[in-house]
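The values are calculated or read from the model by the stated rules, or taken from the named source; none is laboratory data. Fair warning: this is a prediction, and the values are worked out from it, not measured in the lab. Virtual Cβ from ideal backbone geometry, glycine too; neighbours counted across all protein chains shown.
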Amino acid sequence: MTELLRPAGLAEALELVGDGGLPLAGGTAISTLLNLRLLEVDRLVSLAALEELQGIEDGPDGMRIGASTTLAGLAGSELARRRLPHVALAAGCVGNPRVRSQARLGGALAHADPRQDLPPALMVSRAVVVCRSRSGERTLPIADLFRGHLETALADDELVTEVRLPPADSEPGRRSASGYLRFAPGSASDFPTVSVAASTVVDEAGSVVELALALGSVGPVPLAIETGGLLGARADAALVEAVVGLVRSTVTPSDDRLGSAEYKRHVAGVIAGRLLGEVLGVPAAPLGDGRR
Ligand SMILES: Cc1cc2nc3c(=O)[nH]c(=O)nc-3n(C[C@H](O)[C@H](O)[C@H](O)COP(=O)(O)OP(=O)(O)OC[C@H]3O[C@@H](n4cnc5c(N)ncnc54)[C@H](O)[C@@H]3O)c2cc1C
């Protein structure tokens, strides 16, 4: 029989998790694992109502999103839609309205399924994950959180408490843009076959000064593409083509029921090219609402 514990505050939650309780956020992944008897647990520690883990705020030092923010709350937040439109879009693509109303940011990160929508979107925004245990706090660049399929760098007694994002680029004359695109040909509520997030900054002369690209469902962890060699290039169709080639030569998808590795490598190039074309304003095929 599993006991459900409802701590009154973060300090109590950290004690209970430190004593072997399993963190419970929205329960959408845990309930599936319990139902399939893939998980056995004595004590669940509910985090959903903890005051310290709520809220989305922006300030001169950057943005903070509390770990117990629901994905529906993130998708619908005015602030997130303005500051991080690709993150809000990715949150709004997860599963279905029931899942999004229950699942929390902390659970969406700690679950670490490489097909998940949010990690690539947060990666291109240089998100940092704040982790707490009863012995202290540490921060991890989000890419370092993921170690493998359903595996993270979190210790058993650690909680994700919030995600921090750097301040928006405010240098005059520069244009920042971002986007998220997923390919889910069966149904919009499926996990994506491949997904891609992009964030760019272009200077007054039309050269790319920042280019971040990350993909989901193309390996055991969400994958950031090393784009340093392309900085300084003009934001044009040749750059988009170069990125398509770079993506195809970098991703390492596996064969599964959604398609062969070769097929997914091809799709990864197609959607990365479409998304980057849209984000840079380079003429390309129409993108729809991010769900294809
Ligand atoms: C029907 C269905 C469809 C789905 N479709 C998609 C999809 O299209 N795209 C997608 O991205 N995802 C999809 N998902 C997965 C979904 O994203 C995850 O189930 C969800 O994000 C997990 O969040 P949760 O708050 O429910 O976590 P929980 O189930 O509560 O927890 C998940 C894991 O995280 C740990 N955990 C939770 N919070 C913390 C914390 N603060 N600190 C440390 N550890 C923590 C838990 O101990 C557990 O190991 C789908 C899930 C379902 C059930």
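Some points to look at:
- Test: Leu74 is of a type in the set (A, V, I, L, M), farther than 24 Å from Asp157 by Cβ, crowded, with 18+ Cβ neighbours inside 10 Å and more than 9 Å from the ligand (Cβ to nearest atom): yes
- Count of residues meeting criterion [within 13 Å of the ligand (Cβ to nearest atom) and more than 10 Å from Leu71 (Cβ to Cβ)] in segment 117-136: 9
- Long-range neighbours under 7 Å by Cβ, at least six apart or interchain, first residue within 20 Å of Ala224 (Cα to Cα) within segment 145-157, second more than 10 Å from the ligand (Cβ to nearest atom) and basic (Lys, Arg): Ala153/Arg147
- One residue stands out among those in segment 126-145 that are touching a Ser or Thr at 6+ places or on another chain (Cβ under 6 Å) and not β-branched (Val, Ile, Thr): the one that is nearest to Leu89 (Cα to Cα), which is Leu145.
- Looking only at segment 39-60, and only at residues there that are within 21 Å of the chain's Cα centre (by Cα) and not polar (S, T, N, Q), the one that is nearest to Asp117 (Cα to Cα): Ile56
- Residues that are within 19 Å of Glu204 (Cα to Cα), crowded, with 16+ Cβ neighbours inside 10 Å and not hydrophobic (A, V, I, L, M, F, W, C), drawn from segment 226-235: none
- The single condition among (1) assigned to a helix (DSSP H, G or I); (2) more than 23 Å from Ala197 (Cα to Cα); (3) within 12 Å of the ligand (Cβ to nearest atom); (4) at pLDDT 95 or above that Gly26 does not satisfy is (1).
- Yes/no for Val196 being touching a strand residue (DSSP E or B) at 6+ places or on another chain (Cβ under 7 Å), among the hydrophobic types (A, V, I, L, M, F, W, C) and away from the ligand (no atom under 14 Å from the Cβ): no
- The strands (runs of 3 or more DSSP E) falling completely within segment 122-229 that include 2 or more residues that are more than 29 Å from Gly55 (Cβ to Cβ) map to 175-183, 194-202, 208-216.
- Contact annotation: residue pairs with Cβ atoms under 8 Å, 6 or more positions apart or on different chains, pairing a residue in segment 62-81 that is assigned to a helix (DSSP H, G or I) with a partner that is charged (D, E, K, R) and surrounded by 20 or more Cβ atoms within 10 Å (Cβ to Cβ), are Leu71/Arg100; Leu71/Arg104; Ala72/Arg100; Ala75/Arg100.
- Selection status of Val244, closer than 21 Å to Ala91 by Cβ and surrounded by fewer than 22 Cβ atoms within 10 Å (Cβ to Cβ): no
- Subset of segment 34-55 (residues that are part of a loop (DSSP other than H, G, I, E, B), in contact (Cβ under 8 Å) with a residue 40 or more places away in the chain and over 11 Å from Gly21 (Cα atoms)): Leu47, Ala48, Ala49, Leu50
- One residue from Ala67, Ala90 being under 13 Å from Val160 (Cα atoms), surrounded by 21 or more Cβ atoms within 10 Å (Cβ to Cβ) and either near the ligand (Cβ under 8 Å from one of its atoms) or within 17 Å of the chain's Cα centre (by Cα) (or both): Ala67
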